[in-house]
Amino acid sequence: MAQQVLKANENGDLKDKLKVEAPWFGIFCSAVFDKNLDFTLTTPSVHLIGKKDFTIDEGYILSSMFYNPIVIKHAETHKFPKLNQYDIDAINKYLSNVPEIKREIQKMMALRKKQMRPKL
């Protein structure tokens with residue numbers, strides 16, 4: 001379902017139908033999806049795949065349906081894992097390059113700079 005929504009969003013099909021802003025990226029720790037869909041998603045995505053997960057193969061297949069995904073492998077089961085600092089840094093670096101997120105970070109930094117200027 002998520003991949004169909006993301007594809008519809010990429011095509012612009014959801015622009016007037018959603019009451020909320022469309023997603024900038026997706027984080028997946030579950031691999032239930034429609035295997036019959038034949039397209040590549042360009043939405044930035046983070047895939048958390050556990051070595052003991054019963055859907056491990058599907059997790060890799062799902063990540064291959066995205067253009068340039070980041071895949072974080074962990075030793076746990078089918079759940080959102082506790083991430084180590086290396087993985088957190090990798091996700092932050094990856095997401096900070098998403099254009100919409102990058103713009104928001106730049107806005108925040110500019111606002112912070114402005115607030116830090118001494119008043120004369």
- request: Provide the gained length on full extension for the span Ser64 to Glu100, in nm with one decimal, where the gain is 0.36 nm per separating residue minus the Cα-Cα distance.
  value: 10.7 nm
- prompt: Convex hull over the Cα atoms of region 57-120, averaged projected area in nm²?
  reply: 6.4
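Every number here is computed from the coordinates shown, using simple stated rules; none is lab data. Predicted model, so just to flag it, every value in this text is computed and none were measured.
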